[in-house]
Each structure stands twice: as structure tokens, then as C-alpha cells.
1. Mind checking which residues of the range 61-112 are of a type in the set (A, V, I, L, M, F, W, C), in a loop (DSSP other than H, G, I, E, B) and either over 30 Å from Lys50 (Cα atoms) or in contact (Cβ under 8 Å) with a residue 60 or more places away in the chain (or both)?
2. When you check Lys43 against the structure, is it under 25 Å from the mean Cα position of the chain (by Cα), at pLDDT below 80 and open to solvent by 100 Å² or more (accessible area, probe 1.4 Å), yes or no?
3. Check Glu93 against each of (1) open to solvent by 100 Å² or more (accessible area, probe 1.4 Å); (2) at positive phi and name the one condition it does not meet.
Amino acid sequence: KQWYQRRVAITAGDLPPNCLSAELNKQLERGKEKLASLKTTCKDISPEDKKKINQEHQKVVREWRKRKRMCMDVVNAILENEGCTQSKKELLEEMGIDTDEDMGVNIPTDGA
């Protein structure tokens, strides 16, 4: 029963004071203050605005994919040239092109 009460207290966000170190208590208090501040200063986004933002995001992601595909098509066409002896990586480096993969970036999926 005591374990269950402690679990309920933790899930409710009310931790016993002796449960955490002083530093964690400070961080928790700062987090609670920041959350309260954000709740009072942030306004809700209307469903229409949210839909517009999502549509714009999808449009930009589609354009990103399109431009990436066009760029890679040009790079591949250059590499197919019989006189080109460079590897794809060397050519991209010489042209000053950083790929999404090199930078650790993933293009969002259509549902995002």
C-alpha cells in the first residue's frame, strides 16, 4: 500500500521532499516555475492556424525533397560522364555540397 501511495504521488507530480537531492529539488522548482510562466504567456493556436501551419510545413518539406532530388540528379549525371574519375563523395566535397546525411539531418515524413 505504501508503494502504491508513493507511485500515485510521483505520477501526480507531488514528490516527497526527502526523495530528491537538493540540486534536483532546485531543478524541479525551476521547471515548475518555467512551466507556470509558459502557461500564462502562451496563447492557444486556433485549429485554422494549426492547419495553415501544417500545410505550409508540408509544402516546404515537398520543396526540400524536390530540390534535393534535382541536386542529386545533377551530381549523378556528372558522375556518369566518362571523363569523371571522382567518387560521389569527392565530387560533393569539391562542389561544396553538404548532404543531409553528412549533417545528420532527416527530411520529415509526410505525416509530420
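1. Within the range 61-112, Cys84, Ile97 qualify.
2. It is true that Lys43 is under 25 Å from the mean Cα position of the chain (by Cα), at pLDDT below 80 and open to solvent by 100 Å² or more (accessible area, probe 1.4 Å).
3. Result: Glu93 fails condition (2) only.
The values are calculated or read from the model by the stated rules, or taken from the named source; none is laboratory data. Everything quoted here is computed from the prediction, not taken from an experiment. Cβ sites come from the backbone with ideal geometry, for glycine too, and all protein chains shown count toward neighbours. Surface areas here come from the heavy atoms of the whole protein model, side chains and all, with no ligands, DNA or RNA. Shrake-Rupley method; radii C 1.70, N 1.55, O 1.52, S 1.80 Å.
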